[in-house]
Structure formats: C-alpha cells, structure tokens
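S.K.: Please find one structure pasted underneath; my questions will follow.
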Amino acid sequence: MATLQATTSSTWSRVDPNATDELEAIITEYDFWGAHTELNIDVKENSDGDTIISIHGYASFDPSKPIHDEDGSVVDREYGHAEEFLKRIAPHLEERFVIETIGHEKARYPLLAGQWSVWPDGTVQYDSFDHSPKKPGSSEQDDRSDSVGESEGVAQ
C-alpha cells in the first residue's frame, strides 16, 4: 500500500497580538499528524513586529482531535476538524489566512491538492483540485466522450 506524501504551507497572516495565549490553547486541542510527521503551527512575532500565524510541514492539513484513555495517553484520533479549527481561530485573525496542501502516492495521478481559506469574519472556504473538470460550454454527453482513457472506434 502506498503512503500519501503531502506538503502543507500557509500564508503568514497577522493575528491579534493580545490573542496569542488563546490561539495557543486552541492549537493544543488538536493534533496535526500526517503519515510521516506533524505540521508545525507557529504563532510568533515576525521581523516587522507583527504577530503572525503560519502552518507548514510534511503532512496534509487535516486537524484531528486526540482520544485519550484513562491514563491520558492517545489511543485514537477523531478526524475531520479542519473547518471547526479554522472557525475557532478566525476571530483572532486580522487578515485572510490561506493554507495549501499538495501531495501524491508514489508520484502517481491523481494527486492531492487543496486550499483552505479563512477570513476574520469566520467565513471558511475549501477549494480542491478537480479530477473531473467540466469542459467549458459542453454538455454532459460531451464530457463523457472526452473522458481520459476512452478511445473512439476501438473494437473491444
């Protein structure tokens, strides 16, 4: 079985400098693990003196919540919390924050490519690489005849 190899990077977006502790508390509630490593999430001051948030590393952006057993160790993870995480950090943003992930398995098509955007007002948007694009100005029949791997006039 192939292992997904992904890379994630984000903008360095400004955040409220008074919300650093609250942002750090939100971040610690989630795990950001991938197949090989975890994502780095930094809330720090940049060279201009602005407090920024950034996400980068060799994993896809898919925040999970750890499930702990009685002794506090992580026994499992609950996935699918990207939108929740972004909505929670949105009130602390001073500008749009964009996170992009790209990846592949054994360098084969189809690849993974997606972009999360979040605005300070809490609007969250996800755009994904489209593996089945519609041909502009075409009908559904035209799209089926243009499918990859199909040939006209070949006897079966």
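The values are calculated or read from the model by the stated rules, or taken from the named source; none is laboratory data. The structure displayed is predicted, hence computed values, not measured ones. No Cβ is skipped: glycine too gets one built from the backbone with ideal geometry, and neighbour counts run over all protein chains shown. Remember, those area values only see protein heavy atoms, side chains included, never the ligands or the DNA or RNA. Shrake-Rupley method; radii C 1.70, N 1.55, O 1.52, S 1.80 Å.
S.K.: Going through GLU95, GLU84, GLU24 one at a time, which residue ends up being in contact (Cβ under 8 Å) with a residue 24 or more places away in the chain and either open to solvent by 50 Å² or more (accessible area, probe 1.4 Å) or assigned to a loop (DSSP other than H, G, I, E, B) (or both)?
M.R.: On the way: GLU84 fails: in contact (Cβ under 8 Å) with a residue 24 or more places away in the chain; GLU24 fails: in contact (Cβ under 8 Å) with a residue 24 or more places away in the chain.
Answer to the check: GLU95.
S.K.: Let me ask another. Being in contact with a Ser or Thr (Cβ under 7 Å, 6 or more places away or on another chain) and not hydrophobic (A, V, I, L, M, F, W, C) is true for just one of GLY57, GLY72, GLY80. Which residue is that?
M.R.: Selected residue: GLY57, the only one of GLY57, GLY72, GLY80 that is in contact with a Ser or Thr (Cβ under 7 Å, 6 or more places away or on another chain) and not hydrophobic (A, V, I, L, M, F, W, C).
S.K.: With the structure loaded, tell me whether SER9 is small (Gly, Ala, Ser), outside any helix (DSSP H, G or I), farther than 20 Å from VAL124 by Cα and open to solvent by 50 Å² or more (accessible area, probe 1.4 Å) or whether it fails that test.
M.R.: no
S.K.: Report the residue count in the stretch 46-63 for those that are in contact (Cβ under 8 Å) with a residue 24 or more places away in the chain and under 22 Å from ALA19 (Cα atoms).
M.R.: Result for the stretch 46-63: 9.
S.K.: For the stretch 127-137, does any single residue satisfy the condition of being surrounded by 10 or more Cβ atoms within 10 Å (Cβ to Cβ) and modelled with pLDDT of 85 or more?
M.R.: Going through the stretch 127-137, the residues surrounded by 10 or more Cβ atoms within 10 Å (Cβ to Cβ) turn out to be 127-129, 131, 134-135.
Now narrow it down to the ones that are modelled with pLDDT of 85 or more: 127-128.
Yes, some residue in the stretch 127-137 is surrounded by 10 or more Cβ atoms within 10 Å (Cβ to Cβ) and modelled with pLDDT of 85 or more.
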